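What follows is a short report on a single structure.
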């Protein structure tokens, strides 16, 4: 009405993406389109794809989804998974740390079904060992707190990794093959997106274009 973009958007996102990538996007989008009601829902990639198929979501930010003829996948960017260690961990005395050095370490991972936990295990398997998992969580902040307490190590996405050793955690790149994850935007192929959904998708793609290859978030 009157050329104003209005409506309701149901946006899904992984909990390992939403708090780090979306706040700036949502703020800018709502500032430009105040008549749009935007609702955010966090879940695993599997559940987000199911919600898209059942028209419970308009679009979703996911990682490494399987092929699905009913879902359109738009690749946005990839990011490194950093090795995160407590500040007094012996591995920090080495100039270089590779995957083989992690064989005897205890891992703290996201719960089963969360992409990040699966990606960490896949990396360990491809490096020739089965990771010893000491505990799991559904929150990445809990994983980081466990690392800080010295209960284990983990692989944490670049966008979620602590920026300062003051937090009791040191994040560094692995030597040799470095684990990464792909971030994508998913939409249903079976219904035409509204104008406001298309506009939000553009905001997401524009933000993704500005993500640098290393420390691309928060201007660091």
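In table form, for the structure just shown:
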| read-out | value |
| --- | --- |
| Count of residues meeting criterion [assigned to a loop (DSSP other than H, G, I, E, B), under 19 Å from the mean Cα position of the chain (by Cα) and closer than 24 Å to residue 48 by Cα] in region 167-200 | 1 |
| Any chance residue 48 is crowded, with 21+ Cβ neighbours inside 10 Å, under 21 Å from residue 206 (Cβ atoms) and touching a residue at least 40 places away in the same chain (Cβ under 8 Å) | no |
| Members of region 148-166 that are under 20 Å from the mean Cα position of the chain (by Cα), part of a helix (DSSP H, G or I) and either surrounded by 22 or more Cβ atoms within 10 Å (Cβ to Cβ) or free of Cβ contacts under 8 Å to residues at least 60 places away in the same chain (or both) | 158, 160 |
| Test set (1) more than 19 Å from the chain's Cα centre (by Cα); (2) closer than 27 Å to residue 188 by Cβ; (3) assigned to a helix (DSSP H, G or I) - residue 91 fails condition number | (2) |
| Scope region 61-75; condition assigned to a strand (DSSP E or B) and over 12 Å from the mean Cα position of the chain (by Cα); matching residues | 71, 72, 73, 74, 75 |
| Residue 20 vs. criteria touching a residue at least 24 places away in the same chain (Cβ under 8 Å), in contact with a helix residue (DSSP H, G or I) (Cβ under 6 Å, 6 or more places away or on another chain) and surrounded by 14 or more Cβ atoms within 10 Å (Cβ to Cβ) | yes |
| Index of the failed condition, residue 175 passing every other in (1) touching a residue at least 24 places away in the same chain (Cβ under 8 Å); (2) assigned by TED's automatic domain parsing to the domain that holds residue 19; (3) surrounded by fewer than 16 Cβ atoms within 10 Å (Cβ to Cβ) | (2) |
| Number of positions in region 33-45 that are touching a residue at least 60 places away in the same chain (Cβ under 8 Å) and over 18 Å from the mean Cα position of the chain (by Cα) | 3 |
| Tally, over region 4-41, of residues that are part of a strand (DSSP E or B) and under 15 Å from residue 184 (Cα atoms) | 3 |
| Residue list for region 52-70, restricted to those being crowded, with 18+ Cβ neighbours inside 10 Å and at pLDDT 95 or above | 52, 57, 58, 59, 60, 61, 62 |
| Test for residue 55: is it touching a residue at least 12 places away in the same chain (Cβ under 8 Å), under 27 Å from residue 111 (Cβ atoms), outside any strand (DSSP E or B) and over 21 Å from the mean Cα position of the chain (by Cα) | yes |
| Scan of region 102-146 for residues that are part of a loop (DSSP other than H, G, I, E, B), modelled with pLDDT under 95 and in contact with a strand residue (DSSP E or B) (Cβ under 6 Å, 6 or more places away or on another chain), ordered by number | 111 |
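The values are calculated or read from the model by the stated rules, or taken from the named source; none is laboratory data. No experiment lies behind these values; they were computed from the predicted model shown. Because the Cβ atoms are built from the backbone with ideal geometry, glycine has one as well, and the counts that use them run over all protein chains shown.
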